[in-house]
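Just below is one structure, and these are the notes that go with it.
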Amino acid sequence: MSKKVRVRFAPSPTGALHIGGIRTALYNYLYAKKSGGTFILRIEDTDQNRYVPGAEEYIVEALKWTGLIPEEGPGFGGDKGPYRQSERKDLYGEYAMKLLDEGHAYYAFDTADDLTAAREKDPNFKYDSKKRGEMKNSLTMPALEVAKKLNAGEAYVIRLKVPENETVVIQDKIRGEVKFDTNELDDKVMLKSDGMPTYHLANVVDDRLMEISDVIRGEEWLPSTAHHVLLYRFLGWENEMPSFSHLPLILKPDGNGKLSKRDGTRLGIPVFPLSWKGETPEDSFTGFREEGFLPDALVNFMAFMGWNPGTEEEMFSLEALCDAFSLDHVSKSGARFDIDKAKWYNQQYIIHKDNKELIGYVKDQLAANGVSASDEYIHEFVGLMKERVVVLPEFWEKGDYFFRDIQEYDDKMIRKKWKPESEDKFRELVAALKNANPFNSEVAHLVVNGFMEKTGSKAGEVMPVLRLTLSGTMQGPDVFRMMELLGKDKVVERLENGFGLFNEVCNRPVE
Ligand code: GLU
């Protein structure tokens, strides 16, 4: 019988969750869903020094926003909890003891000063099989002295005794066979002097106790995997060892090196799912959500950061990804973080979203700007604007004139497109529009066509003037549909006031 698929996303709450974390969560989620397995969230918070308040809440909020909902985890239920390592701390000692008892670990009493001295003596110092014999530990001290130190309550750590002259072989599902020479591995600390386990011990113990079948995580954890494999062996769990898959790095937009959180600030692009307010401005970051990205667009974009479906298809909902995803199509090489592609996805998702679903976003923007409109009006507005919007705030930025007076006219364009001598002619058009009934885009179109015929005017002369008077800019949706949405009163008002204003602009000396 094949093992039931259980995968975990195991972030450490040390700050905002970088977008790479979301990709790891996503691939775990997809892998689980594809095989009817379980997606678990485990909070790895054993490093008290690096614990940042609010980080766990951030992780949970980011997962909820992107729709990657764990079936087990803190606050999500599950019968293999607790899912926060700090709440499991009493559990790890037993395994450290087992390692000690069976000769796979040892007590080390070296103080911070001892370690500094060792590093000063040898800049390449590693606490490993070559050096352990020179250090203060239970392998070098007489048993009685060790017992005395322990009884006296002296500080110690427990280190893994990495065997010499062995090759640890890992079958990585993405990278294939990866080999590590144990002579290159250090004797990693398993239990710290405060009694807390390190990442390595807690991670392996929890993966076993939570019956994790597959470990899918970032490439930076590949070197640790050698230690993990040794731990599985020493704890007698070799047969239950999960499979390993190490995901490719996410690279800077120019492809040179790993994408870092600072790159976001440097390039003015989001590299976090949600905004994060740290203690200092340098530690505060903007998020995809706050920049106006839709969660499904971000998910689709992130899925392609290291994976491809093997076809030309690019649009995948989370559901479709669950079907299509496979680790076989995850690449080994780093994936370039292409923000333009993220924007492209966002635009596609905005275009394809039902207008109704976008109303809420626009309403929020209106409220933030102290204006309001009916749902029907916003619905029509969304339909008119959505093809021109890349990120959500652009609904307001590009379309505020539908909700309030025009804030600014494009004077340069006015000078180019407006001929003060045509004012009387255009006033005739306003009169005709005033009489249009019903006032909708078709009728407005007919009226304008009739006017052009009658006055012998060209569309190239009339349309820009209408567009500028109604919106202040030359960019925007179809003029007749714009008219219909604005309504007759607003259209007539803007045209009547606009021509005078345009004359003023044309009479003003150019700065
Ligand atoms: N706590 C580790 C992290 O922050 C988890 C690595 C793993 O998945 O094993 O990424």
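The values are calculated or read from the model by the stated rules, or taken from the named source; none is laboratory data. Bear in mind that the values here come from a model prediction, so they are computed numbers and not experimental data. Cβ atoms come from the backbone with ideal geometry, glycine included; neighbour counts cover every protein chain shown.
Quick rundown of the values:
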| quantity | calculated |
| --- | --- |
| Filtered residue count, the range 225-248, keeping only those that are within 12 Å of the ligand (Cβ to nearest atom) and more than 16 Å from Phe180 (Cβ to Cβ) | 3 |
| Lone qualifier among Arg481, Arg494, Arg467 - being at pLDDT 95 or above, under 23 Å from Asp375 (Cα atoms) and basic (Lys, Arg) | Arg481 |
| Every pair of residues 6+ apart whose Cβ atoms lie under 8 Å, when the first sits in the range 366-377 and is farther than 13 Å from Asp405 by Cα while the second is among the aliphatic types (A, V, I, L, M) and in a loop (DSSP other than H, G, I, E, B) | Leu366/Ala373 |
| Single residue of the range 495-511 satisfying the filter (of a type outside the set (S, T, N, Q) and within 12 Å of Phe426 (Cβ to Cβ)) that is surrounded by the most Cβ atoms within 10 Å (Cβ to Cβ) | Phe502 |
| Selection within the range 373-419 - over 19 Å from Lys488 (Cα atoms) and of a type in the set (Gly, Ala, Ser) | Gly383 |
| Subset of the range 204-218 (residues that are under 17 Å from His104 (Cβ atoms) and surrounded by fewer than 22 Cβ atoms within 10 Å (Cβ to Cβ)) | Arg208 |
| Positions within the range 125-143 being more than 46 Å from the chain's Cα centre (by Cα), in a loop (DSSP other than H, G, I, E, B) and more than 11 Å from Arg159 (Cβ to Cβ), in sequence order | Thr140, Met141, Pro142 |
| Count of residues meeting criterion [in a loop (DSSP other than H, G, I, E, B) and in contact (Cβ under 8 Å) with a residue 24 or more places away in the chain] in the range 315-329 | 3 |
| Test: residue in the range 196-203 that is surrounded by 23 or more Cβ atoms within 10 Å (Cβ to Cβ), at pLDDT 95 or above and in a strand (DSSP E or B) | yes |
| Cβ pairs under 7 Å, 6+ apart, first in the range 130-154 and hydroxyl-bearing (Ser, Thr, Tyr), second not in a loop (DSSP other than H, G, I, E, B) | Ser138/Tyr106; Ser138/Tyr107; Ser138/Val146; Thr140/Gly133 |
| Matching entry among Lys332, Lys356, Lys363 (being surrounded by fewer than 16 Cβ atoms within 10 Å (Cβ to Cβ) and either part of a loop (DSSP other than H, G, I, E, B) or out of contact with any Asp or Glu (no Cβ under 9 Å at 6 or more places or on another chain) (or both)) | Lys332 |
| Pair list, Cβ under 6 Å, 6 or more apart: the range 212-231 residue closer than 20 Å to Gly73 by Cβ, other residue among the basic types (Lys, Arg) and within 8 Å of the ligand (Cβ to nearest atom) | Ile212/Arg8 |
| Selection within the range 63-95 - closer than 27 Å to Ala297 by Cβ and not hydrophobic (A, V, I, L, M, F, W, C) | Lys64, Thr66, Gly67, Pro70, Glu71, Gly73, Gly75 |
| Meets criteria (more than 39 Å from the chain's Cα centre (by Cα) and either part of a loop (DSSP other than H, G, I, E, B) or free of Cβ contacts under 8 Å to residues at least 24 places away in the same chain (or both)) for Pro163 | yes |
| Scope the range 249-259; condition buried (at least 20 other Cβ atoms within 10 Å of the Cβ) and more than 15 Å from the ligand (Cβ to nearest atom); matching residues | Leu259 |
| Some residue of the range 191-203 being hydrophobic (A, V, I, L, M, F, W, C), in contact with a Pro (Cβ under 9 Å, 6 or more places away or on another chain) and either without any contact (Cβ under 8 Å) to a residue 12 or more places away in the chain or away from the ligand (no atom under 12 Å from the Cβ) (or both) | yes |
| Boolean, Val371 is within 21 Å of the chain's Cα centre (by Cα), within 21 Å of Glu290 (Cβ to Cβ) and not charged (D, E, K, R) | no |
| Scope the range 388-415; condition charged (D, E, K, R), assigned to a helix (DSSP H, G or I) and touching a residue at least 40 places away in the same chain (Cβ under 8 Å); matching residues | Arg388, Glu394, Lys398, Asp411, Arg415 |
| Total residues in the range 207-224, condition assigned to a helix (DSSP H, G or I), within 17 Å of Ala25 (Cβ to Cβ) and near the ligand (Cβ under 10 Å from one of its atoms) | 3 |
| Single unsatisfied condition, Trp65 versus (1) over 23 Å from Ile212 (Cα atoms); (2) out of contact with any Pro (no Cβ under 6 Å at 6 or more places or on another chain) | (2) |
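Listed here are the residues, each with its yes/no results for (1) under 24 Å from Ile174 (Cβ atoms); (2) crowded, with 19+ Cβ neighbours inside 10 Å.
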{"residue": "Arg289", "(1), (2)": "no, yes"}
{"residue": "Gly292", "(1), (2)": "no, yes"}
{"residue": "Asn308", "(1), (2)": "yes, no"}
{"residue": "Leu318", "(1), (2)": "yes, no"}
{"residue": "Arg336", "(1), (2)": "yes, no"}
{"residue": "Ile339", "(1), (2)": "no, no"}
{"residue": "Asn346", "(1), (2)": "no, yes"}
